[in-house]
Amino acid sequence: MGVRSTQGRAAWSLMLAVAALFVGCDAGVESPPPTTVAASGDEETSAELSPDNVALELADGSLYKAKLESLHGQVVLVDFWATWCEPCTENFPHIVTLGQRHAEQGLAVVSVSMDELDSEPQVRKFLAGQNARFLNLLTRFGASQQSADEFDTAGGVPLYKLYDRSGALRYQFSQFPEDFDNGQPLEAIDAKVAELLTENAP
Amino acid sequence: MRSVKLLGVALTTLIAATACNAAEIEIGAKAPDFTAKGVDGKEYGLQSALKGSDAVVVCFTCNKCPVAVAYEDRFIDFAKQYADKKVQFLAINCNTSEDLAAMKQRAEEKGFPYPYAYEDSGDAARGYGARVTPHLFVVNKDGKVVYHGAFDNSTNNPTVHYVASAVDAALAGKLPEVTTTKAVGCGIRPKRQ
């Protein structure tokens, strides 16, 4: 692991430097620079994500639960968002970066879009632009009561759910100040992620 | 170690309780009063709305959330339809990122037949436990909340009209069949206290 890491870090730094030239080209939502850090330990690739190859699955509650179960052993941060939700899209780069930063420690990120099915192209475009190289789900039921029930949310977005390594739901964050000790949601998420990663770390 | 775990569990319960168990006011509880500034320059609140009304619908909404905007026509139709039944529809915006001038413009463009008022301390949202826009609370003549949640069951193809049914029930002196639903939309961002 030592040798691969060093090589990995060098390649990553080079990529980052090159990529830094491209940061800021997108008008509007800020994207994190493309990175070659691969969480699963696969060989590194510099292929850009495109709307076509971004990993996106249509989901109901059962699929969501199954995916979570497959991630037992990792800390899982689920980001419920929608293309029509400005705070969601503003926060997204932070979540992507968080996932990259802690991938080796065992943080898995899952995004769940509450967009309508016919918005799938926009969802894919956004995720590709954000370099969302984790599991992305799109609800089968649009912005509806059913979606809220299937995924056990209160209905609003953004919502962040944090599961520990055993799969237990430990924290949830909306952006209502009282829901995170009157602080900032992203800081609170960072803190709880760090806490759960060190808890029972393998 | 064990005490840290216990603390973690306690904290979890607290956060889970506030974040996922409805923060909303209980059905049957007295709806809190508030003061909000209307785009017409007048002040609006629950108590003033209850005077001379047989029911009040407090609707937390905003300018920018596409879900809230998609519902505007439905709110307009509802308000017009129920105006002569002495039902007051009141739209409240608690998002501190928006402003009164933009609200005024929106109200004029759409010709809202109901007051659209700004309450930027977030106290109104806190008092009701409103977390998203749109989030609606039906208050009966006695000032009690008889329904809270979504206006209907779908942003695109609604088939169940929760608020209308709740108002009909309130006007008949009854509790509606469905008293709570999940409010789907954009999280409210009020000022931090």
³J(HN,Hα), Karplus 6.51/-1.76/1.60, whole Hz, each residue of the stretch A:115-122, x for Gly, Pro = 5, 6, 4, 6, 8, 3, x, 5
query = Against the longest alpha carbon principal axis of chain B, how many degrees, from 0 to 90 and to the nearest 10, is the axis of helix B:2-19 turned?
reply = 10 degrees
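Which shape class, rounded, prolate or oblate, goes with the stretch B:39-89 when its Cα gyration tensor gives a ≥ b ≥ c as root eigenvalues, a/c under 1.5 marks rounded, and past that a/b bigger than b/c marks prolate?
Oblate, since a/c reaches 1.5 and b/c is not below a/b.
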ask   = In terms of the Cα gyration tensor, with a ≥ b ≥ c the square roots of its eigenvalues, is the stretch A:141-202 rounded because a/c is under 1.5, prolate because a/b exceeds b/c, or oblate?
value = oblate
task = Show the residues, 5+ positions off or on another chain, whose built amide H is closer than 5 Å to the amide H of residue B:31.
result = B:144, B:145
request  = Subtracting the Cα-Cα distance from 0.36 nm times the residue separation, let me have the gained length for residue B:42 to residue B:171 in nm, one decimal.
outcome  = 43.7 nm
remark   = Under the Karplus relation with 6.51, -1.76 and 1.60 and θ = phi - 60°, whole-Hz ³J(HN,Hα) for the stretch A:163-177, x at Gly and Pro, equal 9, 7, 5, 8, x, 7, 6, 10, 9, 9, 9, 9, 10, 7, x
key: For a label point 7 Å along the Cα-to-beta-carbon line of residue B:142, residues of the stretch B:32-76 with backbone N under 17 Å   = B:32, B:50-51, B:53-56
task = Would you list the P(r) distribution for the stretch B:62-149, with all Cα-Cα distances sorted into 10 Å bins from 0 and each bin expressed as a whole %?
result = 16, 50, 32, 2
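Hey, which of these cross-link pairs are over 25 Å Cα-Cα: B:42/B:86; B:30/B:86; A:125/B:110; B:86/B:110; B:110/B:174?
Values: B:42/B:86 20 Å; B:30/B:86 20 Å; A:125/B:110 32 Å; B:86/B:110 22 Å; B:110/B:174 33 Å.
Long pairs (Cα-Cα over 25 Å): A:125/B:110; B:110/B:174.
Let me know the shape class of chain B, please: from the alpha-carbon gyration tensor, a ≥ b ≥ c as square roots of the eigenvalues, rounded when a/c is under 1.5, otherwise prolate if a/b is greater than b/c, or oblate.
On the way: a/c = 1.75, a/b = 1.39, b/c = 1.26.
Prolate.
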remark   = Expected vector for the stretch A:93-105, Karplus 3J(HN,Hα) from phi with 6.51, -1.76, 1.60 and θ = phi - 60°, integer Hz, x for Gly and Pro, equals x, 4, 5, 4, 4, 4, x, 5, 4, 10, 4, 5, 7
remark   = Taking placed amide H atoms and a strict 5 Å upper bound, the residues 5 or more places from residue A:167 or on another chain that come that close are A:73
note = In degrees rounded to 10, the 0-90 angle between helix B:100-110 Cα long axis and the longest Cα principal axis of chain B is 50 degrees
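Every number in this text was worked out from the coordinates using simple rules, so none of it is lab data. Since the structure is predicted, the reported quantities are computational estimates derived from the model, not experimental observations. All Cβ positions, even for glycine, are placed from backbone atoms using ideal geometry, and neighbour counts span all protein chains on display.
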